[in-house]
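The values are calculated or read from the model by the stated rules, or taken from the named source; none is laboratory data. It should be emphasised that the depicted structure is a prediction, and the values quoted were computed from it without experimental measurement. Note that we place each Cβ from the backbone using ideal geometry, even for glycine, and neighbour counts take in every protein chain shown. These area figures cover heavy atoms from the full protein model, side chains too; ligands, DNA and RNA do not enter into them. Shrake-Rupley method; radii C 1.70, N 1.55, O 1.52, S 1.80 Å.
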Amino acid sequence: MTTIVLAAGLSERMGRNKLLLPYKGEAIIVKTVRNALSFSDKVIVVTGNERERVEESLSSFPLTFVYNENYRMGQRTSTIEGIKCVENDDFSILPGDLPLLGKEDALDLFKHLGNKGIARCAFKNTPGHPVAYKKEHREKLLAYPGTMKEYLRENGFMMVPSSLGSIYDIDTPDKYEALLESNGDLSILEGCSDISFS
């Protein structure tokens, strides 16, 4: 399994590069990539915004980096650049701001690729990540003119129950503050009624 980690965005809702914010002594992107390496044979990191700083933070890991020069045009462009680098392998797509995603969640997801060939983590019916694809979808995705959400809707996929870590992205100051205050304890975060998980 190859995992594509999306690390190119502008972090507009955060107001600063969320991937480089510290969490337990490391940048959030480092935590996410470390987790990805625990369940994937190969990890591709797509960079864009602050490319040099992101790549430097990950320099000690065995990764493939690809730069998306069109990163300002949105996440789909980064996803496509990552998919282009996938060789003859099943693959999954993971945003770089999911430091609490568990290895068990991902491995369970990969077991459910099944007949549809697409599976997605979900927490209490809220779609999360990774989204995993059988390798047969690579060329179809590269040729598809619509969004990733439209592709999933048209092709169908299995929702695999997962932990809160599969949806807890660090995209606002409130969610980052809650992450730090909880020390990453999922049971505490789940009880934060003022945090939106969608």
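For the range 25-140, place one equal point scatterer on every Cα, skip the solvent, and apply the Debye formula. What is log10 of I(q)/I(0) at q = 0.09, 0.12 Å⁻¹? Cα-only, vacuum Debye calculation for the range 25-140: -0.23, -0.42.
Can you give the longest stretch of the chain with no exposed loop site, where a site means GluC sites (Glu not before Pro) in a DSSP loop (not H, G, I, E or B) with at most 16 other C-beta atoms within 10 Å?
Working: sites that count: 12, 69, 87, 136.
Between exposed loop sites, the widest span is 137-198.
Equivalent ellipsoid of the range 88-141: semi-axes from √(5λ) of the C-alpha gyration tensor, largest first, are 19, 12, 10 Å.
Using a probe of 1.4 angstrom, how much of the accessible area of the chain is carbon and sulfur, in percent? It would help to have the intermediate numbers written out before the result.
On the way: 4460 of 9610 Å².
Carbon and sulfur together cover 46 percent of it.
All Cα-Cα distances of the range 66-105, cut into 10 Å bins from zero to the largest, leave 24, 46, 28, 2 percent in each bin in turn. The slack between residue 41 and residue 87, meaning 0.36 nm per residue of separation minus the straight C-alpha distance, is 15.4 nm.
Applying 1/(1 + (r/R0)^6) with r as the Cβ-Cβ distance of residue 177 and residue 49 and R0 = 25 angstrom yields a FRET efficiency of 0.70.
Rounded to the nearest 0.05, what FRET efficiency do residue 60 and residue 186 have when you use their Cβ-Cβ distance and R0 = 41 Å? My answer for the efficiency is 0.90.
The shape of the range 4-88 can be summarised by an equivalent ellipsoid whose semi-axes, obtained from the alpha carbon gyration tensor, come to 18, 18, 10 Å from longest to shortest.
A P(r) calculated from all alpha carbon pairs of the range 135-198, with 5 Å bins opening at zero, reads 3, 14, 21, 14, 10, 13, 12, 10, 2 percent.
Towards the positive end of the charge dipole of the range 16-120, with charges on Cβ (+1 Lys, Arg; -1 Asp, Glu), say which of 68, 36, 102 has the farthest Cα. Checked the options; the winner is 102.
Summed over the residues of the chain and divided among them, the accessible surface reaches 49 Å² per residue at a probe radius of 1.4 Å.
Separation between the residue 80 and residue 10 pseudo-spin-labels, each 7 Å from Cα along Cα→Cβ, expressed in nm? About 1.8 nm, to one decimal. Volume per residue of the convex hull around the Cα atoms, evaluated for the range 123-164, comes out as 78 Å³.
Simple spin-label estimate for residue 24 and residue 70 gives 3.7 nm between the two label positions (7 Å along the Cα-to-Cβ direction from each Cα). For the chain, the equivalent ellipsoid derived from the Cα gyration tensor has semi-axes of 24, 20, 16 Å, listed largest first.
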